[in-house]
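Every number here is computed from the coordinates shown, using simple stated rules; none is lab data. Keep in mind the model is a prediction, meaning the values are calculated, not measured. Because the Cβ atoms are built from the backbone with ideal geometry, glycine has one as well, and the counts that use them run over all protein chains shown.
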Amino acid sequence: MTVDLHNYVATVENFPEIGVDFRDISPLMGDGLAYKQAIDSIADFAKNLDVDLVAGPESRGFIVGSPLAYALNIGFIPARKGGKLPREAERASYTLEYGGENILEIHKDAIKPGQRVLIVDDLLATGGTINATREIIEKLGGVVAGVAFIIELEALHGRDKIMQAGDVPFLTLMTY
């Protein structure tokens, strides 16, 4: 049975600031059928990309990436916020959607040269987090095999920013 995933996204008005409609996937994660459908849909996409690893940025990328890696029987790489990894890490900075800057890090030994990595997250907004993740993967010798999201906020043009860094296979399950 297929469900309309839009029915499992809550919209929270004026969060995290006035004028912003936050798209919350908590109801989707709380429903076994909807969550499984979302992960299975991304897994179907990934099967055609010959991926070796899944990478997801902290923290909601872990919610998508971990079950996806499990479904594909491959490893998961967390892209952590700066200062959270205990061993030597490669890092990249990015601009936050509401101003300011942040840093992501991946352990230097997480990716072997030539490994194909699918980057996933719950939501694509401006693309900064994904491009920082991509930058690190490429610095470590990995190949970005594609990107996938549960939700894309089209008005913020994150897809354009990702594609400016180089064309990759792209999947979103829902757009707003």
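Structure summary
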{"item": "222 nm mean residue ellipticity, helices alone, for the chain (DSSP H n ≥ 4; -39,500 (n - 2.57); rounded to 500)", "result": "-9000 deg cm²/dmol"}
{"item": "Neighbourhood net charge (13 Å Cβ-Cβ; Lys/Arg +1, Asp/Glu -1) for residue 152", "result": "-1"}
{"item": "Lysine pair count for region 38-175 [Cα-Cα under 22 Å; pairs on different chains or 8 or more apart]", "result": "11"}
{"item": "Ranking of 174, 163, 1 by count of other Cβ atoms within 10 Å, fewest first", "result": "1, 163, 174"}
{"item": "Fewest-first sequence of 107, 157 by Cβ atoms within 10 Å of each Cβ", "result": "157, 107"}
{"item": "Percent of beta bridges antiparallel (DSSP, the chain, rounded to nearest 5)", "result": "40"}
{"item": "Sparse-neighbourhood loop sites, chymotrypsin sites (Phe, Trp or Tyr not before Pro) in region 65-124 - DSSP loop, at most 11 other Cβ within 10 angstrom", "result": "98"}
{"item": "Trypsin sites (Lys or Arg not before Pro) restricted to DSSP loop in region 1-87 with at most 15 other C-beta within 10 Å", "result": "84, 87"}
{"item": "Spherically averaged projected area of region 27-105 from its Cα convex hull (nm²)", "result": "6.6"}
{"item": "Order of 147, 120, 168 - criterion: other Cβ atoms within 10 Å of each residue's Cβ, fewest first", "result": "168, 147, 120"}
{"item": "Cα gyration tensor shape of the chain, rounded if a/c is under 1.5, else prolate or oblate by comparing a/b with b/c", "result": "oblate"}
